[in-house]
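One structure below.
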DNA sequence: TCTATTTTTGCAAACGATTGCAATTTGTGA
DNA sequence: TCACAAATTGCAATCGTTTGCAAAAATAGA
C-alpha cells in the first residue's frame, strides 16, 4: 500500500468501518451486505437479519460519500441565500429565516438533506454555477432573487432542478414560487383608502423587484382612486431603518395619512416612530404592513398587514423542485396574499 | 461497460464532465489536471494556465463527491437543531435563526459548507449517531440541548468534533458554548429590584436547562434581597404564549411588580397583555427580557433586557469546532451576558 | 434421482478525484 | 557535449459503495 501512513489512526481491529469489514465478519460478500442494508429484496431473510444485527451492534452506517458517488445522486438539496445590496438585511430577516425553517421540515420529510449557503454575489461572480457544479447537491432552491435576477435567468436554461423564491415576471425563464406582490400592494392600498386615508406613502426599498411590485400594485389602486402616493426609500437593516423613518416622518409631517410598509419589520419601526412623535394610529395615520410575522399581532395597536403563507410557499418550493428532479419543466407558482385586518387601519 | 445504458443522458461529446475528459482535451494526464486545479505547486505554470483556461471555458468543476471520498473529508459541518418538547417553538425562534445565520457566515468564511438538519428526537432515537455516522459531515454543531442533554453526553465521549450551543453544567463532558444564563438571571433580578420591584415573577418554561438557569440566578438574588419570586410556566410557541400570559396576569393581578421574561419574545407578548389591562410599564410593573433581539428596541416602551452576543457565540462555536477537528479536546466557552437598560425598568 | 427453475450470492467493474512513486523532461555547470 | 540535479508529468492504486452479470445454491417438478 502506497499511503499506509496516511491511514486513519483509529485502526482498532474489531472496528467495523466499511461494508467490507462487515462482510468479513458476517462471512458474506460486500455486495450482499450492501443489498441487505439498502433494503433490497434480493437477499435471503436470514442473511439480512444477521447482517442487520451486526450492523446495529457495531453502530455501522455505510459511508454516504461513497454511496452517493456511486449512485450519482446526493440526496441533498442546496439552499442559497444571495445577499444583495443590503448584506445585513436577510440575516435577521424573520421572513426568510422562517421560510428556511419550513423548508428544512419539508425536505427532511421527503428524505432530503439541506445544504445552506449564504452568498455575497458582489464578491463571488459565479456563486450559482459553483453551487450547482459542486456535485454536492441534486437540486437548488434560491431564497430571494435579490439583484441576481439576470444571473438566475442565465443558469435556468441549462439547469432544470432549480426553483427560486421571489417575484414572478411576465415571460421569465426560471421557475419561481412567491406571493403575488402586486396584488398584495393593491390590497394594502385599497384598505388604507377604504379606511379614510387621502394621501399615501410607501415605506421601503423599491430596488428589489418584490418590493417594486408591492409599490406598483399600491400605486395602481391609488391612481385609480385619485389618491396621491409616494415612495420613501428606506433600508431594511434594523440599525438604519429607524433613523430613516424618523427623517421621513419629519419631512412629510402631516401630509400623509396612510402608510404602506414594505414589510412588517418596517411597519413596526414606523409605528414606534409615530408614537414617539405622538401621532395617533390609526386616527391620524393608518398603517398596513406586509408578511404577517408573529410580531404583527404583538404591536400596539395590532398591525393590519398582508399575509404571505410561508408554509405553503415552502411546500410549493419543495414540491416543484422534486418534480423538476424527475425531469418535469414545471410552471411557476404564484400564491395569493391575504389581508389581515387588525387595528392600524 | 456493464451499465452503459444507465449513463447520463447528457453525453454531448464536447462536454467536459470529468477530470479525465479535461485531461484528454488538454493532452495531459488526469493527475496533472487534478494538481493544476487544486492549486498544487507541482505543475508547470504554462500547463496550469492551459488547464485552467479550458476548465473556465467549459465551466468545469471537479466532482466534490469523488474528491471528498478520496480525501476522506467532506468540508461540511452539520448543524442539528433538535426540536424538543415545544416542536413549533424553535422554527420561528428569532434567536436560533439569527445564530444560524451567523454560523453560516462563519463557516462559509472558513471554507466549510453547512448542512442543516432539524430533528425530532421523540421520533428518531439515534438522530445524533445517524448524523455523525452518515459520513456526510466532518463535524457537528448542535443548536440547543433541548431535552437531549444525556444523549449528547453519551455521544461526546466517542466523538470529538462536536460542539453544542447551550448551558454549561458543572462536570459535563460535551463541549458547549453559551451564555452564562445564571448570571443573566442575576442581572435581571438585580435590575428589577434596584428599580423598585418588591415581588418578582419569572415568565417562561423552566424545563429547558437554559431557562432553569436563568430562573435560578434570579431566585438567588431575590432570596438574598428578601424579595419573593415565583415561576409562571409559559410555553414559547407564539400561539400559546399570549393566552397563557393573560391567564397569569389575571391570577397574579397586583401582587407582582417585577417580571423577568425568559426571552424577549415572551417579554413582548407580556408587554402587550399588560397594556391590554391598562397596567403602566414601568410605573406599575417592571419588565426585563432576555436575548436583546432587534424587536427589543422597537417596543413601547423599549425593553430592558439581558443581551446575548449571538455573533460571538457563533464565532465561538466555529472556532472550537475547528480546533476539535484537529484533535484538540477544547474546554467549554461561557459568554458573559450584558444588561441593556432601556425603559421598562 | 435428475433436470429445470427460482433464489441467493459472489465477482468485478464502475463512480471521479487524489497522490506516492517512478519515469520523463528540462535546466545547470563544467 | 555530457553528467547530474531539479522540475514536471504519468501511472496506477485507492477511497467505500453499488449493481449487472454469472455462478452457486436451494427448491420444485417429473
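The values are calculated or read from the model by the stated rules, or taken from the named source; none is laboratory data. Fair warning: this is a prediction, and the values are worked out from it, not measured in the lab. Glycine gets a Cβ as well: all are built from the backbone with ideal geometry, and neighbour counts include every protein chain shown.
Looking only at region A:119-134, filter to residues that are closer than 16 Å to residue A:160 by Cβ and touching a residue at least 24 places away in the same chain (Cβ under 8 Å); which one of those is farthest from DNA strand D (Cβ to nearest atom)?
If we take residues in region A:119-134 being closer than 16 Å to residue A:160 by Cβ and touching a residue at least 24 places away in the same chain (Cβ under 8 Å), then A:128 is farthest from DNA strand D (Cβ to nearest atom).
Residue pairs, Cβ under 7 Å, 6 or more apart or interchain, first in region A:13-34 and over 18 Å from residue A:45 (Cα atoms) and within 14 Å of chain B (Cβ to nearest Cβ), second within 10 Å of DNA strand C (Cβ to nearest atom) and part of a helix (DSSP H, G or I). List them.
Partner pairs satisfying both residue conditions: A:19/A:30; A:19/A:33; A:19/A:34.
From (1) within 30 Å of residue B:304 (Cα to Cα); (2) assigned to a helix (DSSP H, G or I); (3) in the same structural domain as residue B:320 (by TED's automatic domain parsing), pick out the condition that doesn't hold for residue B:191.
(3)
Of all residues in region B:56-70, count the ones that are within 15 Å of DNA strand D (Cβ to nearest atom) and surrounded by 15 or more Cβ atoms within 10 Å (Cβ to Cβ).
Summing the residues that are within 15 Å of DNA strand D (Cβ to nearest atom) and surrounded by 15 or more Cβ atoms within 10 Å (Cβ to Cβ) in region B:56-70 gives 8.
Taking residue A:280 as meeting all but one of (1) surrounded by fewer than 22 Cβ atoms within 10 Å (Cβ to Cβ); (2) part of a loop (DSSP other than H, G, I, E, B); (3) touching a strand residue (DSSP E or B) at 6+ places or on another chain (Cβ under 9 Å), write down the number of the exception.
The one condition residue A:280 does not meet is (3).
Give me a count of the residues in region B:45-57 that are touching a helix residue (DSSP H, G or I) at 6+ places or on another chain (Cβ under 9 Å) and either within 12 Å of DNA strand C (Cβ to nearest atom) or touching a residue at least 60 places away in the same chain (Cβ under 8 Å) (or both).
Looking only at that region, the number is 3.
Would you pick out the residues in region B:225-247 that are under 18 Å from residue B:186 (Cα atoms) and in a loop (DSSP other than H, G, I, E, B)?
Within region B:225-247, B:226, B:227, B:228 qualify.
Pairs under 6 Å by beta carbon, first residue without any contact (Cβ under 8 Å) to a residue 40 or more places away in the chain and in the same structural domain as residue A:190 (by TED's automatic domain parsing) in region A:237-258, partner part of a loop (DSSP other than H, G, I, E, B) and surrounded by 13 or more Cβ atoms within 10 Å (Cβ to Cβ), six or more apart or different chains?
A:244/A:234
Looking only at region A:76-96, decide whether some residue is farther than 30 Å from residue A:235 by Cβ and more than 34 Å from the chain's Cα centre (by Cα).
The answer is no, given that none of the residues of region A:76-96 is farther than 30 Å from residue A:235 by Cβ and more than 34 Å from the chain's Cα centre (by Cα).
Picking from A:247, A:257, A:309, which residue would you name as being within 21 Å of residue B:294 (Cα to Cα), more than 13 Å from every other protein chain (Cβ to nearest Cβ) and surrounded by fewer than 23 Cβ atoms within 10 Å (Cβ to Cβ)? Break it down stepwise before answering.
On the way: A:257 fails: within 21 Å of residue B:294 (Cα to Cα); A:309 fails: within 21 Å of residue B:294 (Cα to Cα).
Criteria check complete, one pass: A:247.
Please go through region B:29-47 and pick out each residue that is crowded, with 18+ Cβ neighbours inside 10 Å and either in contact with a strand residue (DSSP E or B) (Cβ under 9 Å, 6 or more places away or on another chain) or within 23 Å of residue B:65 (Cα to Cα) (or both).
B:32, B:33, B:34, B:35, B:36, B:37
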